[in-house]
Amino acid sequence: MSDRILVFYGSYRSDRMGVRLADYIVSGLRARGDDVELVDAKVVDLPMLDRMYKEYPKGTAPAAMEALAEKIRTADAFVFVTGEYNWGPQPGLKNLTDHFLEEWFWRPAAIASYSAGRFSGVRSGTVWHSILSEMGMVVVSSTLAVGPISQTLDAAGKPTGPAGESLERSFDRFADDLAWWTEAARAQRGRKAPPY
């Protein structure tokens with residue numbers, strides 16, 4: 001059975017390098033047979049959070065929000081690609097994510113972080129872990145940390161040099177971990193309805 005996975009990316013910058021990592025993950029998961037879609041916060045372009053999706057009367061949420069809610073509800077798992085801005089996650093990704101709550105529940109999530117520097121966004125990834133857990137997702141222990149991003153992936157999202165080789169060695173474990181939890185969550189939901 002093919003897993004339906006949404007890969008979220010949140011930079012709004014004009015010269016976005018992290019999209020290389022998002023593209024790499026989408027390509028890698030597709031090669032494993034998964035049904036994968038990139039959700040780019042800049043393209044979706046939700047407004048700064050005023051009302052969550054659940055706070056709109058049924059059928060009145062903005063079209064982009066309604067469409068994304070349906071995608072989230074029907075996904076088996078999520079990957080969040082987060083850059084590091086001043087030790088924290090990108091505001092575009094956080095804003096997009098905060099528009100929803102119950103839609104995320106009882107599915108696994110994985111985190112891939114990146115930065116222009118040698119810390120590879122790990123501080124942002126650490127913060128993101130607690131955010132996703134609070135939002136009802138099971139966060140897998142395997143992560144990807146990429147940095148410097150420009151020395152790891154080329155403009156087409158292809159690994160380059162020793163850093164790219166390291167990323168390729170790490171990807172299978174990352175994807176295997178997510179796949180295991182995705183299968184476990186799907187099986188458990190089939191046996192027993194979530195408690196809330």
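Each value in this text was obtained by applying a stated rule to the coordinates, not by laboratory testing. None of these values were measured; they are calculated from a predicted model. Reconstructed Cβ throughout: ideal geometry from the backbone, glycine too, with neighbour counts over all protein chains shown.
See the values below:
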read-out	value
Amide H partners (placed H, <5 Å) of T82, local residues excluded	A112, S113, Y114
DSSP beta bridges in segment 4-191 [antiparallel fraction, %, rounded to 5]	10 percent
Under Karplus coefficients 6.51, -1.76 and 1.60, residue-wise ³J(HN,Hα) of segment 19-24 in Hz, glycine/proline x	4, 4, 5, 4, 5, 4
With 5 Å bins from 0: P(r) over segment 1-100, alpha-carbon pairs, percent	2, 13, 23, 22, 19, 13, 6, 2, 0
Between 0 and 90°, nearest 10: helix 161-191 axis offset from the chain longest Cα axis	20 degrees
Phi to ³J(HN,Hα) by Karplus 6.51 cos²θ - 1.76 cosθ + 1.60 over segment 118-127, Hz, x for Gly, Pro	6, 7, 6, x, 5, 5, 5, x, 5, 5
Neighbourhood charge, 14 Å Cβ-Cβ cut-off, centred on L49 and excluding it, Lys, Arg +1 and Asp, Glu -1	-1
Amide hydrogen neighbours beyond the local backbone of V7, cut-off 5 Å, H modeled	E37, L38, V39, V79
Distance (nanometres) between label positions extended 7 Å along Cα→Cβ at A193 and N95	3.7 nm
The chain - Debye-derived log10 I(q)/I(0), Cα point model, q = 0.14, 0.17, 0.18 Å⁻¹	-0.76, -1.13, -1.26
Under Karplus coefficients 6.51, -1.76 and 1.60, residue-wise ³J(HN,Hα) of segment 46-63 in Hz, glycine/proline x	5, x, 4, 4, 10, 10, 5, 3, 5, 8, 8, x, 3, x, 10, 5, x, 4
Zone of E165's modelled label, taken as backbone nitrogen in segment 132-155 under 19 Å from a point 7 Å along Cα→Cβ	145-154
